[in-house]
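First the structure, in the form of structure tokens, and then the observations on it.
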Amino acid sequence: MNTYINSFVRGRELLKKLLVSDMVTAIIAAFTRSNPMVMSVFSIATVLLFIAIIYVDIKYCRCPNCGKVILLGVLAINTCPRCKHSLTTGKKVKKGR
Ligand SMILES: [Zn+2]
């Protein structure tokens, strides 16, 4: 299923960008405490980006083999914790390399 492979990889790339943006807005919010107006704008942006992250994660970051949503460690892990298939290719990963 090529569509699954692409959507996981694409979803993960999008997720990386959203995470970086979320960190940037969170940092800006933290540094603009003296200006409540600016701070609230960036705080809202941080929350909205966080919601977008969850949405992209649930929508795209699924195991291509069993469909499990990979919520935690999506950027670090390459194999599905449930079925042990590769998340990028959907093929079975051999134990111990
Ligand atoms: Zn799986």
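The values are calculated or read from the model by the stated rules, or taken from the named source; none is laboratory data. Only a predicted model underlies this, so the values are computations on that prediction, with no experimental measurement involved. Counting neighbours? That spans all protein chains shown, and the Cβs are built from the backbone with ideal geometry, glycine included. The accessibility values were calculated without ligands, DNA or RNA, using every heavy atom of the protein model including side chains. Shrake-Rupley method; radii C 1.70, N 1.55, O 1.52, S 1.80 Å.
Please give the FRET efficiency for residue 34 paired with residue 83, using the beta carbon to beta carbon distance and R0 = 41 Å, rounded to the nearest 0.05. Could you put the intermediate results ahead of the total?
Working: r = 51 Å, r/R0 = 1.24.
The computed FRET efficiency comes out at 0.20.
Over the chain, what is the relative contact order in percent, taking alpha-carbon pairs closer than 8 angstrom and at least six residues apart?
Answer for the chain is 29 percent.
Measure of size requested: the Rg and Dmax of the chain, with Cα atoms as the atom set and Å as the unit; please supply both.
16.8, 55
Relative to the present Cα-Cα distance, how much length would full extension add between residue 66 and residue 51 at 0.36 nm per residue of separation?
Going from the current span to full extension adds 2.9 nm.
Under a 1.4 Å probe, what is the accessible area of the chain per residue, stated in Å²?
70
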